[in-house]
Amino acid sequence: MNSARFFQKLSVVLPLLVVCCTVAKGQPQTDYPTNDPSLNEYENLAATLLAEDIRHTYGGQDWTDSLSFSFDFVVYNKQRQEVARYHNKWNRATDEGLLSGKLNDGRVYTVRFSNLSACQGTMMIDSQEVAQAILPSALHTAYERLQNNLRWLLTPQRLLDSDVTLKIQSDTTIDGKEITPMKVIYNDSISTSTSEVLLYINSGYKNIERWRVNYDGVYREYIWRLTRRVGSFLFATRLWAEDFQTYIQLEKIKVTRVNGEEVAQGEEEGS
């Protein structure tokens, strides 16, 4: 790792190590463990410190168990024509979730998860319940989609969650900006598709400039072009593909508490 900026943040920790070493000098050997952090431990600490900065930028200080989120994940082409739309809901306290959209033949489907983490729920297509024989496969596909959509919206706030692993990579420069790449690994035992993304973080402003994701073995980059504040949270709401042929937009964002109290609601895109 070659970023001096992160190690400067260790200035609170390093003086303590110096004091410990000074006191111990010339004294008899003891059986007490010595504090000799490895480079890997320093890198882990640097990743945590950076993640704390990112969470603060995006309102993660208010990331609590009592929140529920609702939003639309929409794909547009460069002519601003809608290609696909998925409505998403997730209650962090109860782990209930909902995904709705349209199949290729135009039929409307709704998946309700009673336990998203366990991929348990029901599915309706045009108001007809899906047969039990195909339900597990259908739920798994819907699970992948809903988790994917939630990551696009909430990754900045979730960086320090227990099911996420962070790895900082070597600094680089993009469009004249100093960028710190951070790999975000989702420790998801159910998902069989995308399990990690690479965030390109502006080292000065501690905001995310780009998002690199692997879909079916193909890496695609998205540029964060528009953000919107919803209550205390800052969400990336428009992300252009690197070739500018398509873009993803997060719309109708609503944040509520478990008791139904509305915390904040985003405006319609384009309004």
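List of remarks:
- Radius of gyration, Dmax [the stretch 57-265; alpha carbons; angstrom]: 17.3, 55
- C-alpha center-to-center spacing [the stretch 132-201, the stretch 202-236] in angstrom: 11 Å
- Hz values of 3J(HN,Hα) by residue in the stretch 138-152 - Karplus curve (6.51, -1.76, 1.60), Gly and Pro given as x: 5, 5, 5, 4, 5, 4, 4, 5, 5, 4, 4, 5, 5, 5, 4
- Computed from backbone phi, the HN-Hα couplings of the stretch 159-174 come to 4, 9, 5, 5, 9, 10, 10, 10, 9, 8, 10, 4, 5, 8, 10, 10 Hz, rounded to whole numbers (Karplus: 6.51 cos²θ - 1.76 cosθ + 1.60, θ = phi - 60°; Gly and Pro given as x).
- The phi torsions of the stretch 116-127, fed into the Karplus equation with coefficients 6.51, -1.76 and 1.60 and a -60° offset, translate into couplings of 5, 4, 9, 6, 10, x, 10, 9, 10, 10, 6, 6 Hz, rounded to whole numbers, with Gly and Pro shown as x.
- Qualifying chymotrypsin sites (Phe, Trp or Tyr not before Pro) in the stretch 184-232, where qualification requires a DSSP coil assignment and no more than 16 other C-beta atoms within 10 Å, comprise TYR205.
- Inter-label distance, nm, simple model (7 Å from Cα along the C-beta direction), ASN259/SER114: 2.7 nm
- Projected label distance in nm at ASN44 and VAL213, using a 7 Å step from Cα toward the beta-carbon: 2.8 nm
- SER232-LEU103 FRET efficiency (beta carbon distance; Förster radius 41 Å; 0.05 resolution): 0.65
A short reminder: the numbers here are calculations on the coordinates, not readings from a lab. Every value quoted in this text rests on a predicted model; they were computed, and no experiment measured them. Cβ sites come from the backbone with ideal geometry, for glycine too, and all protein chains shown count toward neighbours.
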